[in-house]
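Read through the structure below, which is laid out as structure tokens, and then see the notes.
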Amino acid sequence: DRMHIHSVHVICKETIGTFGRGGYFDEYGIIRDVMQNHLLQILALVGMEQPLSLSAEHIRQEKVKLLQSVQPLQVENMLIGQFIADKDKGKPGYLDDPTIKNKQSKTETYATTVLYINNPRWAGVPFILKAGKGLDESKVEIRIRFHEVPGAIPTIADCNPNELVIRVQPDECIYWKITSKIPGLDFNIETRRMDLLYGSSNDITSSKGGYGHGGVSPNPTYTASSTPSVMKSHAMMSSALSRGSGRIGNSGGGTASGSASGGSGSGVLSGGMVESPGAYERLILEVMRGDQTNFVHKDELLCSWQIFTPALHEIAINHKIQPELYKFNSSGPKSELEFSKKFGFHKGFAHDVDHEKRRQAIAWGKSTVNSDGSTNTTNTTNA
């Protein structure tokens, strides 16, 4: 709750643009296309109270209750952008798409919004929703950031706060980001990951084939059968991405990658492994079963439009609100750092790069990270 959690980030980044379907996209924009439905559904699943059961009706009741508590989006709590061509790499810009008739279009291909939930559990906790096309990487994830330790001694005052990360696409996983001491005689600390990688489990393989990152994770892993409630929640979040437009980032069909959910629609492969079904497979099976758990009720639709419609109308009529231009396959608008400072993130939202991924073997030494992301290690010998 708000006593422990500093902020919640729901992120959908795509490296692809809109080329070939810009005529359709130009009528809607990234907020209507992704944020108002897919990301808001994930927000509801993360923020809702525990339902009385896992039935569709009880889950729907809690989601609607949560969405009714979300305050309407304010224009000042929103940053929008539009990607332009990267001439050095030969990548076209949004308006270079011949299917876009209005070459003066200000339709957003990037948006970061900050929402607040007015209830006792989440009052004052910012929920940051970010979606964009033509960015530097493709991923869908939820990051739950915890408060920093109050009154920390100077030695650990600059530590990054702990985070719980739920990766939905690609390579589904759940991991903790924690700060720990580097083994050695000196007192040095770094951010580490504690992983639960579905694709690296001995029991599960993705419907796309292969194992997650292509091998066994060097981090601690746990079998899916030992965490049924976690698997159920992860499956619901994966299915939330498939409602309406299929897998995010795939305009030509395909399926959203999902996680195994106790065998619903999954097949058993040789060696006892369970094949994780795609999101469309799961939803088609639920249609045949009459299970409405992963489908949106009209009450949820009404609540979601009440959250975003005032800001969307303001964008449409206020010509002073223009999307900030950013290069194709970049990290997005450069003003995001200044925008994040309004909400107390003085180092930015800091969810685009996982510094803990810059790993190395450390033995009795110190490590520093250079500006280009590389690492230096100074080893000392144990006397």
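Looking at P126, P72, which is the one that is under 21 Å from G47 (Cα atoms) and more than 18 Å from the chain's Cα centre (by Cα)?
Among P126, P72, only P72 is under 21 Å from G47 (Cα atoms) and more than 18 Å from the chain's Cα centre (by Cα).
Collect the residues in the stretch 20-51 that are touching a helix residue (DSSP H, G or I) at 6+ places or on another chain (Cβ under 9 Å), more than 21 Å from N119 (Cα to Cα) and aliphatic (A, V, I, L, M), keeping them in residue-number order.
Residues satisfying the conditions are I31, M35.
List pairs: first residue in the stretch 28-56 and at positive phi, second residue part of a loop (DSSP other than H, G, I, E, B) anywhere in the structure, Cβ distance under 7 angstrom, at least six positions apart or on different chains.
Sorted first by the residue in the stretch 28-56, then by its partner, the pairs are G29/T107; G29/E108.
Of all residues in the stretch 6-19 being part of a strand (DSSP E or B) and in contact with a Lys or Arg (Cβ under 6 Å, 6 or more places away or on another chain), which is farthest from Q71 (Cα to Cα)?
Among them, the one singled out is K13.
If you scan the stretch 307-330, which residues turn out to be of a type in the set (D, E, K, R) and more than 15 Å from S105 (Cα to Cα)?
E314, K327
Out of (1) within 22 Å of E14 (Cβ to Cβ); (2) at pLDDT 95 or above, what's the single condition that is false for S340?
Condition not satisfied by S340: (2).
Restricting to the stretch 157-189, count the residues that are among the hydrophobic types (A, V, I, L, M, F, W, C), open to solvent by less than 60 Å² (accessible area, probe 1.4 Å) and not in a strand (DSSP E or B).
The total comes to 3.
Could you go through the stretch 305-318 and let me know if any residue there is in a loop (DSSP other than H, G, I, E, B), surrounded by 14 or more Cβ atoms within 10 Å (Cβ to Cβ) and either within 23 Å of the chain's Cα centre (by Cα) or modelled with pLDDT of 50 or more (or both).
no
What are the residues in the stretch 20-45 that are farther than 19 Å from I142 by Cα, open to solvent by 20 Å² or more (accessible area, probe 1.4 Å) and in a helix (DSSP H, G or I), if any?
Keep residues of the stretch 20-45 that are farther than 19 Å from I142 by Cα, which gives 20-29, 32.
Within this subset, residues satisfying the condition of being open to solvent by 20 Å² or more (accessible area, probe 1.4 Å) are 20-21, 23-24, 26-28, 32.
Selection gives G23, Y24, R32.
Here's the yes/no breakdown for (1) of a type in the set (A, V, I, L, M); (2) open to solvent by 10 Å² or more (accessible area, probe 1.4 Å); (3) not in a loop (DSSP other than H, G, I, E, B):
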position	(1), (2), (3)
L79	yes, yes, yes
K89	no, yes, no
K103	no, yes, no
T107	no, yes, no
T112	no, no, yes
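Would you confirm, using the coordinates I've provided, whether L66 is open to solvent by less than 40 Å² (accessible area, probe 1.4 Å), closer than 22 Å to H313 by Cβ and touching a residue at least 40 places away in the same chain (Cβ under 8 Å)?
Here the answer is no, as L66 does not meet what is asked.
Would you mind stating whether T99 is among the polar types (S, T, N, Q) and open to solvent by less than 40 Å² (accessible area, probe 1.4 Å)?
no
The values are calculated or read from the model by the stated rules, or taken from the named source; none is laboratory data. Computed from a predicted structure; not experimentally measured. Cβ: placed from backbone, ideal geometry, glycine included. Neighbour counts: every protein chain shown. Surface accessibility is based on the protein's heavy atoms, side chains included, excluding ligands, DNA and RNA. Shrake-Rupley method; radii C 1.70, N 1.55, O 1.52, S 1.80 Å.
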